[in-house]
Structure formats: structure tokens, C-alpha cells
Ligand code: F6P
């Protein structure tokens, strides 16, 4: 007789819901933002999986006091952490250092420059990881499988192994992983502790083979203990979930609004957090070059960019936002006509509106300098209504599966990206339809369930 599946506990920094106080003072839950939630959320909704996450907003802290909250199909338990320690762990270590290492974002002439404030920040990172581990120990049923998500929580497995040997913890990294050359700028103790912390899990997963290899190479160069068994398993978008959003009234209204803006022009779209790794500025420079090289696109193509503010507490993000706005202003000033704004930059995060752009785009630009996976590439294939061509950076994890049907967009080559955009806009209709059909098939073929099965398989292989 098959035994019952082990209970599941999911652990991530950002939870599936964020809470706020409504006008009547009651707590209102809203679906959280980000790829991790859109990928994993539908898998877990409606199950009895406990999802542990940090209390980030004021409303979250109020929800944390209620213990496990059941809302929108989720069983969420939020952790209240010391606010200053959480800021140091999130802004300074996770997003100010680890994110830069994993994406190769440092300009090494100037950065990083770790000073005497670093040990306190690293201590805060440890504290947050230990608080999460303690919450898991408290919440996890006997024999549970614990799925620990991402670089914010690389050290959780250490304490679990010691305090709850009945649990099986699988760590999954949603970013790329730093190869040795980008890990070594971290203070050595932190880099070693990071690798050792990950090795304390039962297994470590990544979206692609390339990130598995980079992780192994960094272990070989620096690690003090052997890595945990590692596996590659790309997350996927849930076709039913995103198609339900695409069919919603809010999305129809957003498409109508977009049509009002662009008329019958062709649309190059992008949907990203306003994020250093997404390469937003070079994407606009490539559009500028496209208009320069190909006058036939002037007035006939509009670039609609949904770029939503993110990590506003990290100074480099605030500077990047200024660059994005300044670049858009300059390009629009150069090319705009009375009846045509070349780039429409939308910065208010609105999920139905993002999905509307995926539906309406003729070309979707996904050109990150490096990206763990990138779900926008497959989400567009699932909802697009115009056989959109996908301009995709080979440095995005998604390229491993979708690359053959995409038009490669070399992320550092602005002229090459402009050429890719031109090619995407002028593909022969039959080829375009064929590529779109392949992208759709690939996006439908793999669902979040496949990803979850891979995690569970890794958990059972002792
Ligand atoms: O790509 C890594 C990741 O953690 C995603 O899983 C997530 O969608 C995104 O970063 C969001 O980051 P943050 O929680 O800082 O907004």
C-alpha cells in the first residue's frame, strides 16, 4: 500500500499574500507580487501546506499576531522579525550583496567595498535565517518535507538538521548562482558560510544546469564541506492561472486602454520589476538604435514597458530608476511626433495590466544580463493573441528550454539587440506563427506540478 505523502512546509522571504488594514479596520489579504508567487502560489493554494514568510508590511505584522491565517486558499504563517535586523538582512546582505554576486552586477573597479558595518549585517542575515528555522521547527509536522526558497534563506537547513532530524529540507535558488569569480568579492567568511549553509540541506535545486554547475564550481573553489546533491528543475507558469487572469474583466479593460494608447501600431513589450539585472536601459537604447537604423518603424512601433519599482531601499535601485526615466525622456524627445509617443513607461504595478501587455504585444523583449529563469517569457506565450515573437537573452535561464524558438537578444550588445528587435518585427508570418506555436507548446508542456515533483523526488533520495 502506498504511504501517505509527507506533509509540506514552504518557506520564503516574501509570502503569497500581503496584508493591509481595510477602511473598517479589518485585515485585507492581497496576492503578493513576484515570479516565485505566480509560479508556486497556484500549486499550494487549496492545500493544507503551511507557508512561512516574513511579515513585511504593517498589516503583515498584525496578521502575524493571529498565528496561521487562512486566506485565498493559503495557510500562511508570518514571522515578525526585528525591523532593523530584517532591513540589514534584506537590503544589505540579500539584495545589496548576494543578488549582485549571483547576477554578476558589481562594477569591480568601485564595488563592493565591505567596511566595518558588514559583520553586523551578516549577523542580521544569520539571525533572520535562524528565526525562520525556529519557526519551521515549531510549525512542521513530524516527517515533513520543508521547501526552503531562495538566497535570502540559504542557512535555514543548518539549524533544522540539528533540531529536527525528522524533517527533510530541500533548498531551491530562484536566481542564478555566482561562479567563483563573482563569489570571491564577498568577505571570505560569508562566502564559505553561505555555501556550507546550503550544503546543510538534503538537496539543492536550481532552475538550470548552468546554475548547478556554477554552484558546484564555487564549492570546489571555496567550500569547506561537500555540496548537497544538486538538481536542475525550471519552475513554470501555471497555464490555467494566467489564462484566468487574461480572461478577466480587469484584463479586458486594460487591453482596451492599451489599444487606446497604441491604436493599430505594433507593440514591443516588456514586463519586469525595475531591477538592475533586467537590463532595461540597454533595451531602450536598442529601441533608439532600431529607430535610427530603420526609419520604417518610426511612428509605427510603440515600446510599452511595464517596469515596477522594487527594492527601493537599495541605493543602486534608486539610481537605476533615474537612469531608466532619463533614458526614456531622451529617446521620446528625439523621436516623438504629435500623434506618437515612442516609449510608454508604466511604473504602477498592476497584474491584469501586465497580462494585457502580454496579450497585445507583437514582440516581447526579455533581455536580462543574467536571470535565474524569467517567467514572463513563457507567460507571454500562454496568453498572447498575436503570435508574438520573443527576443530572449541567452543569459536568462528560460533560454535553455525556449531559446530555439526565440530570437536571441545579446544582452550587452545594444546594436545586436536592435537587430534582434528588427528581425522579430519582420519575421515572415509563417515562421512567426511556427515559432509562437512552439513557444506555446513548450510553455504548456511544463507546469508548476513538474517542478514540485522534482522537489519531492530530491527529498526522497537519501
Ligand atoms: O528572482 C528571485 C526572486 O526572489 C523571485 O523569486 C522573486 O519573484 C523576486 O526575486 C522578488 O524579489 P523581492 O521579494 O525582493 O521583491
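The values are calculated or read from the model by the stated rules, or taken from the named source; none is laboratory data. The model shown is predicted, which means the values in this text are computed figures rather than measured ones. Please note: Cβ atoms are built from the backbone with ideal geometry, for glycine as well, and neighbour counts cover all protein chains shown.
Points to keep in mind about this one:
- Of the residues making up region 160-185, those that are at pLDDT 95 or above, more than 16 Å from the ligand (Cβ to nearest atom), closer than 21 Å to residue 456 by Cα and out of contact with any strand residue (DSSP E or B) (no Cβ under 6 Å at 6 or more places or on another chain) are 164, 165, 166.
- Within region 154-187, restricting attention to residues that are part of a loop (DSSP other than H, G, I, E, B) and within 23 Å of residue 34 (Cβ to Cβ), the residue that is farthest from the chain's Cα centre (by Cα) is 155.
- Flag if residue 348 is within 17 Å of residue 269 (Cβ to Cβ) and out of contact with any helix residue (DSSP H, G or I) (no Cβ under 8 Å at 6 or more places or on another chain): yes
- Any hit, region 368-376, residues being assigned to a loop (DSSP other than H, G, I, E, B), more than 16 Å from the ligand (Cβ to nearest atom) and either modelled with pLDDT of 95 or more or crowded, with 24+ Cβ neighbours inside 10 Å (or both): no
- Meets criteria (away from the ligand (no atom under 16 Å from the Cβ), closer than 28 Å to residue 317 by Cβ and at pLDDT 95 or above) for residue 116: yes
- Residues of region 28-66 that turn out to be away from the ligand (no atom under 16 Å from the Cβ), surrounded by 17 or more Cβ atoms within 10 Å (Cβ to Cβ) and assigned to a strand (DSSP E or B), as a count: 2
- Scanning region 73-91 for residues that are surrounded by 14 or more Cβ atoms within 10 Å (Cβ to Cβ) and either within 29 Å of residue 243 (Cα to Cα) or free of Cβ contacts under 8 Å to residues at least 12 places away in the same chain (or both) yields 74, 75, 76, 77.
- Residue in region 223-237 that is in a helix (DSSP H, G or I) and modelled with pLDDT of 95 or more present: no
- Flag for residue 327 being away from the ligand (no atom under 14 Å from the Cβ), within 29 Å of residue 292 (Cβ to Cβ) and out of contact with any strand residue (DSSP E or B) (no Cβ under 8 Å at 6 or more places or on another chain): yes
- Picking from residues in region 2-27 that are surrounded by 15 or more Cβ atoms within 10 Å (Cβ to Cβ) and assigned to a loop (DSSP other than H, G, I, E, B), the one that is nearest to the ligand (Cβ to nearest atom) is 14.
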